[in-house]
Amino acid sequence: MKVITTIDEMQETILKDKKIGKSVGFVPTMGFLHEGHLSLIKKARGETDIVVLSIFVNPLQFGPNEDLSSYPRDFERDHKLAENNGVDYIFYPSVEEIYPEPLTVTVKVNARTDVLCGRSRPGHFDGVATVLTKLFNIVQPTKAFFGMKDAQQIAIVEGLVNDFHIPIEIIPIEIVRESDGLAKSSRNVNLLTIERDQAPVLFESLQGAKALIENGEKNPNIVISYIREMILDKTNGNIDYIEIYSYPKLLELTQLEGKIIIALAVKFSKVRLIDNLVLNIQ
């Protein structure tokens, strides 16, 4: 496994691999890898010849009230995990390498951002789309792998590659969970002990909502109320949102039908947890 820190070397390396017919799988991350990331790497390893993992904490996607400096980082640990799980190249650029000077062009996302996490984080997905456009051009992957925990991000990335005709296949991967159902996240380490005990209720509420729908419930408001009552009753968390939309277009629904997403965000004392469930309703 090789660590690459410059754009020029990354592009030259990939060009050589692609010239001899190798396919490239790309897993973009901000580091502090967990089993969710490893599942993406495993999938990329199985579907492509070369696996590139990027580790870059992107300042453009952090808002004015979000502390960029507190984002967890541990490159030595990430390096070992990547090497042990079959990564061929780690792309590990500095902020100065990616943004050597103020950008003259950025990407602005016009749809699918005014709901879910996007509502409370204005500009966040513009930063995500801008850095991914840069990374896609640098790595030039055949396929890019993303976890469904950030389902809104996947919907936006699919829009990005479709709108700009970027020749990359986006591969969504199911959420990796702890044994008690909590979605794995780098931020879970910030939960207090009592909060960690309560956190699996988020997934339990989604499972209960799924059962309601499978039993014939078509009213999204009733499903949302069910989730809200369970979370308020069984946790000390503050609900940020509980929302149901079509997926991936993220349009409001008056009746539950077709492909939908049930998504929620709950704030605990030091961390905000998100989770979701995507269902196909006949």
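The values are calculated or read from the model by the stated rules, or taken from the named source; none is laboratory data. Since the structure is predicted, the reported quantities are computational estimates derived from the model, not experimental observations. All Cβ positions, glycine included, derive from the backbone under ideal geometry; neighbour counts span all protein chains shown.
If you check GLU257, GLU195, which single one turns out to be of a type in the set (D, E, K, R), over 27 Å from ASN110 (Cα atoms) and not assigned by TED's automatic domain parsing to the domain that holds ASP114? Step through it out loud before you land on a result.
On the way: GLU257 fails: over 27 Å from ASN110 (Cα atoms).
Only one candidate passes the filter, namely GLU195.
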Tabulated pairs, segment 182-197, first buried (at least 19 other Cβ atoms within 10 Å of the Cβ), second at pLDDT 95 or above and among the polar types (S, T, N, Q), C-beta under 9 angstrom, 6+ apart or interchain: ALA183/ASN276; LEU191/GLN198; LEU191/SER269; GLU195/THR235; GLU195/ASN236; GLU195/SER269
Where a residue in segment 129-145 is more than 16 Å from GLU158 (Cβ to Cβ) and its partner, wherever it lies, is surrounded by fewer than 22 Cβ atoms within 10 Å (Cβ to Cβ) and basic (Lys, Arg), with Cβ under 8 Å and at least six apart: GLN140/LYS18
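Listed here are the residues, each with its yes/no results for (1) modelled with pLDDT under 95; (2) among the hydrophobic types (A, V, I, L, M, F, W, C); (3) within 22 Å of MET148 (Cα to Cα).
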site	(1), (2), (3)
ASN190	yes, no, yes
LEU232	no, yes, no
THR235	no, no, no
TYR245	no, no, yes
LEU253	no, yes, yes
PHE268	no, yes, yes
ASP275	no, no, yes
ILE281	yes, yes, yes
All positions within segment 43-78 that are buried (at least 17 other Cβ atoms within 10 Å of the Cβ) and in contact (Cβ under 8 Å) with a residue 40 or more places away in the chain: LYS43, ALA44, ARG45, THR48, VAL52, SER54, PHE56, ASN58, LEU60, GLN61, PHE62, ASP78
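Of the residues GLY25, GLY31, GLY36, only one is closer than 16 Å to PHE75 by Cβ and either assigned to a helix (DSSP H, G or I) or touching a residue at least 40 places away in the same chain (Cβ under 8 Å) (or both); which? Even if it seems obvious, please write down each step before you answer.
Working: GLY25 fails: closer than 16 Å to PHE75 by Cβ; GLY36 fails: closer than 16 Å to PHE75 by Cβ.
When all the criteria are applied, what remains is GLY31.
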Residue in segment 160-172 that is in contact with a Leu (Cβ under 8 Å, 6 or more places away or on another chain), more than 23 Å from ASP114 (Cα to Cα), at pLDDT 95 or above and surrounded by 20 or more Cβ atoms within 10 Å (Cβ to Cβ) present: no
Extreme residue, surrounded by the most Cβ atoms within 10 Å (Cβ to Cβ), among residues of segment 122-148 that are over 16 Å from TYR247 (Cα atoms) and either touching an Asp or Glu at 6+ places or on another chain (Cβ under 8 Å) or not assigned by TED's automatic domain parsing to the domain that holds ASN162 (or both): ALA144
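I'd like the residue in segment 218-234 that is under 20 Å from GLN282 (Cβ atoms) and of a type in the set (A, V, I, L, M) and, out of all such residues, is surrounded by the most Cβ atoms within 10 Å (Cβ to Cβ).
So the residue we want is VAL223.
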All positions within segment 235-276 that are within 11 Å of LEU202 (Cα to Cα) and buried (at least 17 other Cβ atoms within 10 Å of the Cβ): THR235, GLY237, ILE242, ALA263, LEU264, ALA265, VAL266, LEU273, ILE274, ASP275, ASN276
